[in-house]
Amino acid sequence: MTISNELKLNLEYSLNEDIHSVNYFINGQIGDIYKVRTVNGSYILKTSQPSDKLKIEADMLLDFNKYDISVPQVFDVSDRYLLMEFIEESSVPGQVKELHAAKILSDLHSVTNESRMYGYYYNTTIASFTQDNEQTQYSWGLFLGQMRIMPMAKICYDRGQLSKESVDQLETLCRDIYKRIDMSKIVPSLLHGDLWSGNILFNNEGATLIDPAIYFGDREMELAFILMFNTFGETFFNSYSEVHALSDDFYETKVPLYQIYPYLVHVALYGSTYVSGLEEQLKRLKV
C-alpha cells in the first residue's frame with residue numbers, strides 16, 4: 001500500500017520539508033492510515049474516499065485544542081486525507097495512566113456551553129457514521145433518545161442486525177428516559193464520545209485524546225462507556241470523582257441506560273457479537 005506522488009507533494013508543501021518515508025500503519029474505519037517520516041519528525045496520515053468525514057475530525061480536534069485538551073496537532077486536511085502530529089507513546093504504569101486519564105477527562109467534562117443545550121454546533125462522526133447534533137434540544141432525555149439511540153437502532157435494523165422486537169423495546173425505553181433519571185441534575189458537558197482504550201494515548205507528559213466523536217451530553221455517558229470495556233478501574237474513578245462526584249443512580253440506572261448507544265454502534269459495526277450485550281442492558285433496565 002502506498003500513496004500517490006501528487007499526495008506526497010501536497011504533504012511536503014504542507015509541512016515545508018521533504019518526506020523520507022510513508023509506511024502503512026493500520027486500517028481505519030473509513031480508510032488506510034499511514035505513518036509519515038521527515039527529518040524533523042513523524043506524522044499520521046489518515047485517508048478516505050472523498051467525503052467530509054476527515055474535515056469533521058479535524059474540526060473536532062481543533063475544538064478540543066481551544067479548551068487546552070491535549071490532542072494531535074492538525075497540519076493539513078482535505079476531503080481525502082488528514083495529516084496530523086504523531087503522538088509518541090511511552091511505557092507508563094497502569095495506575096499513572098488512570099490518573100492521567102482522570103485528569104484529562106475531568107478537564108474535558110468541565111467544559112459546557114452558554115446555551116445549556118445538548119448536541120453540538122455541527123454534525124460530527126463516530127467511526128464511519130454521522131452523528132446528528134442539532135443543538136436545539138434542552139432535554140437530555142429527548143436528545144439521547146431521538147438523536148442517538150433511535151437513529152443508530154434504525155441503522156442496525158436496516159442492516160438486518162437488530163430485530164423488530166428489539167427496536168420496539170428501544171422505542172419504549174426512549175419514551176420513558178425522563179422517568180428513569182433526574183434531568184435537573186444534569187449539565188451539558190463536552191464529551192469525547194468514543195473513549196475506548198485505543199483512543200487515549202499515554203506518555204510521561206500525560207494523556208492525549210484521538211478520534212473524537214464529540215457532543216455536549218451527560219458526562220456520565222462517557223463513564224458508562226469506560227465501564228463497558230473496563231478501560232479504567234478504581235484509581236481512575238476515585239480520582240475523577242474528586243472533581244465530578246458520581247450521581248446516586250450512576251451504577252444502577254445510568255450505566256445500563258448509557259451503554260445502549262455504544263452497544264448499538266458496535267452492533268452496526270461488528271454485527272451480532274454485540275447483540276447479547278445490548279439485550280443484557282435492556283434486561284437490566286426491565287424494558
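The values are calculated or read from the model by the stated rules, or taken from the named source; none is laboratory data. It should be emphasised that the depicted structure is a prediction, and the values quoted were computed from it without experimental measurement. In this analysis, Cβ positions are derived from the backbone assuming ideal geometry, glycine residues included, and neighbour counts consider all displayed protein chains.
A few comments on the model shown:
- Conditions (1) assigned by TED's automatic domain parsing to the domain that holds Asp211; (2) surrounded by fewer than 20 Cβ atoms within 10 Å (Cβ to Cβ): number failed by Ser42: (1)
- As a summary of the residue check, Thr125 satisfies the conditions (1) surrounded by fewer than 21 Cβ atoms within 10 Å (Cβ to Cβ); (2) polar (S, T, N, Q); (3) touching an Asp or Glu at 6+ places or on another chain (Cβ under 8 Å) except for the one numbered (1).
- Residue check for Leu162: touching a residue at least 24 places away in the same chain (Cβ under 8 Å) and either over 22 Å from the mean Cα position of the chain (by Cα) or farther than 29 Å from Ile104 by Cα (or both): yes
- From Gly233, Gly271, Gly206, Gly277, residue being touching a Phe, Trp or Tyr at 6+ places or on another chain (Cβ under 6 Å), over 19 Å from Gln146 (Cα atoms), surrounded by fewer than 20 Cβ atoms within 10 Å (Cβ to Cβ) and not assigned by TED's automatic domain parsing to the domain that holds Phe64: Gly277
- Filter result for Arg284 (crowded, with 21+ Cβ neighbours inside 10 Å and either touching a residue at least 12 places away in the same chain (Cβ under 8 Å) or more than 17 Å from Glu98 (Cα to Cα) (or both)): no
- Evaluation of Cys174 against (1) of a type outside the set (A, V, I, L, M); (2) modelled with pLDDT of 95 or more; (3) within 27 Å of Leu61 (Cβ to Cβ) (one fails), failing number: (3)
- Scanning the range 62-72 for residues that are surrounded by 13 or more Cβ atoms within 10 Å (Cβ to Cβ) and either in contact (Cβ under 8 Å) with a residue 12 or more places away in the chain or of a type in the set (A, V, I, L, M) (or both) gives Leu62, Asp63, Phe64, Ile69, Ser70, Val71, Pro72.
- Counting only strands (runs of 3 or more DSSP E) that sit completely within the range 44-157, those holding 2 or more residues that are β-branched (Val, Ile, Thr) and modelled with pLDDT of 95 or more correspond to 74-77, 124-126.
- Given (1) closer than 30 Å to Asp218 by Cβ; (2) of a type in the set (S, T, N, Q); (3) touching a helix residue (DSSP H, G or I) at 6+ places or on another chain (Cβ under 8 Å), number of the condition Ser51 does not satisfy: (3)
- Residue ID - farthest from the chain's Cα centre (by Cα), chosen from residues in the range 182-200 that are over 15 Å from Asp107 (Cβ atoms) and crowded, with 21+ Cβ neighbours inside 10 Å: Pro188
- If the condition is being in contact with a Ser or Thr (Cβ under 8 Å, 6 or more places away or on another chain) and either among the hydrophobic types (A, V, I, L, M, F, W, C) or surrounded by fewer than 15 Cβ atoms within 10 Å (Cβ to Cβ) (or both), then the range 131-155 contributes only Ala153.
- Odd one out for Ser70, checked against (1) among the small types (Gly, Ala, Ser); (2) touching a helix residue (DSSP H, G or I) at 6+ places or on another chain (Cβ under 9 Å); (3) farther than 30 Å from Ser21 by Cβ: (3)
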